[in-house]
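One structure is given here, and the rest of the page talks about it.
Nothing in this text is a laboratory measurement; each read-out follows from the coordinates by a stated rule. No experiment lies behind these values; they were computed from the predicted model shown. For neighbour counting, all protein chains shown are included, and Cβ atoms are generated from backbone atoms with ideal geometry for every residue, glycine included.
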Amino acid sequence: MSNSDPASMSPFSRLIVTGGQPLEGVVRVGGAKNSALKLMAAALLAEGTYRFCNIPQITDVALMADVLRATGCAVRWEDADPTPDLIIEVPAEIEPVAPYELVEKFRASIVVLGPLLGRCHEARVALPGGDDFGPRPIDMHVSGLRELGAEFETVHGYIQATTDRLVGSRIKLDFPSVGATENILMAAVLAEGVTVIENAAREPEIADLCELLNKMGANVIGSGSPTMTIDGVGEMHAADHCVIPDRVETATYLAAVGTTGGEITIKDARHEHMAMLCEKLGEMGMRISSDADGLWVLAPTRLRSVDCPTLPYPGLATDFMPFLVALLSTTEGVGIVTENLFAGRFRYVDELRRMGADIRTDTHHAVVRGVDRLSGAPVKAHDIRAGAALVVAGLGAEGSTIVSDAQHIARGYEDLAGKLSGLGADVVAE
């Protein structure tokens, strides 16, 4: 395979979804986007060659690869089974800069701040861009790194961080922020002494990152719990790692079969990473069981409504919410969705209304009254998950739904159209 990024080879700007077909068959879920990007950033902590398997071939991975190249790393794809491996070669000296033209395209790029600061004792990172669904400040990232000894200033749109040395500290987060936990964690592994992060994020992607860091020689205890202890080490080394399956992609297929009815198997999906979602879908009338191969799912033609609040893990993830709102639009009864994390996440509701959905929003609540059938319409994807939710809605709608600005979907999904088509759906990328 060539050194170029496969994710950038087949761009598309819209998806045409023709509804009415129940889903049947087997689909394999890919590697977790929200883990892969952080694992790639962690490679900056030590010189050497890293081999990552199960990395999704998506636009955000291609963008993170470009961020790493800007620091001096070499990044390429290499043939492997069942999916290509991503090879990252990190030199002895790296440039601790993440340029604006890359960082402004996706928010996850901010996680290079911690590893650059840990290894180089300085970092110059542009303020992040990415999906537009409300303000997501990085105050907790900065305050946590300050407690380790970093100093910050903002100059010409860049965060400039410097330190003579990082020293372990006890850091209590106001909120279990995933990004702040990751940045503090990746800086602390090379700090002097012991760091304790209280109220740490507990997501499976955090545990995946900790597993890689420990393979690299770090000493991290307590991943998956609210309190993490990091005993800093003097140096680290390269390691190989396989990314966990993507629970958000899994949730997309669960919502899709819930909308259309049918019976599918989601290969490699992990029930333990999304137990709360599976419980909610069970209350709605879906049957879900897990085995060593993944998840088996059976859905009747119409589900019943439930109430769904987003909460930090192990609660319902905010990334699941657009799919659940799309699903609730077709269920029997009224469901109340409460978005407790991001204020602007209901922007896609207007697009669902264009399809005939009966949804009323009030601040961070959405009241969804199910209708017998949605109607296909031209709609617009505002971000990755909202775009996928519109595809889910289109699968259960009458007629065709044209999702424009669908390039957002390619940031988080590898061949969503092809995978859904493999289950019998009528989805065409153009």
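Descriptive notes on the structure:
- Considering only ALA80, ALA397, ALA108, the Gaussian network model of the chain with Cα springs below 10 Å gives its largest mean-square fluctuation to ALA80.
- Taking all Cα pairs closer than 8 Å and separated by 6 or more residues, the relative contact order of the stretch 33-242 comes to 20 percent.
- Isolated Cys in the chain, by beta carbon distance under 4.7 Å: CYS73, CYS120, CYS210, CYS278, CYS308
- Charge-dipole axis of the chain as Lys and Arg at +1 and Asp and Glu at -1 on Cβ define it, positive-most pick from MET40, ALA80, LEU298: LEU298
- Available extension along the chain between SER421 and VAL367 is 16.3 nm, counting 0.36 nm per residue and deducting the alpha carbon span.
- Taking Cα centre as origin and charging only the Cβ of basic (Lys, Arg, +1) and acidic (Asp, Glu, -1) residues, the dipole magnitude of the chain rounds to 940 debye.
- Between GLU101, GLU283, GLU198, the residue with the greatest mean-square fluctuation in the GNM of the chain (Cα pairs under 10 Å linked by springs) is GLU101.
- Distance in nm between pseudo-label sites at ASN219 and GLU153 (7 Å out along the Cβ direction from Cα): 3.6 nm
- Kirkwood Rh, angstrom, the chain [1 / mean 1/r, Cα pairs]: 21.9 Å
- Here the alpha carbons of the stretch 18-94 define both size measures, Rg and Dmax, at 15.5, 56 Å.
- Degrees separating the helix 275-284 axis from the principal Cα axis of the chain, which is the longest one: 10 degrees
- Taking LEU311, LEU352, LEU328 as the candidate residues, the one with maximal mean-square fluctuation in a Gaussian network model of the chain, Cα springs under 10 Å, is LEU311.
- Full extension of the chain segment joining ASP79 with ASP291 gains 73.5 nm, where the gain is 0.36 nm per residue of separation less the Cα-Cα distance.
- Computed Kirkwood radius, in angstrom, where 1/r is averaged over Cα pairs of the stretch 33-242: 16.7 Å
- Given their separation in residues at 0.36 nm each and the Cα-Cα distance between them, GLU104 and LYS267 gain 55.3 nm when the chain is fully extended.
- Averaging Cα coordinates gives a centre for the stretch 13-77 and one for the stretch 275-315; these two points are 26 Å apart.
- 222 nm mean residue ellipticity, helices alone, for the chain (DSSP H n ≥ 4; -39,500 (n - 2.57); rounded to 500): -8500 deg cm²/dmol
- Along each principal axis, Cα extent of the stretch 251-347, largest first, Å: 37, 28, 20
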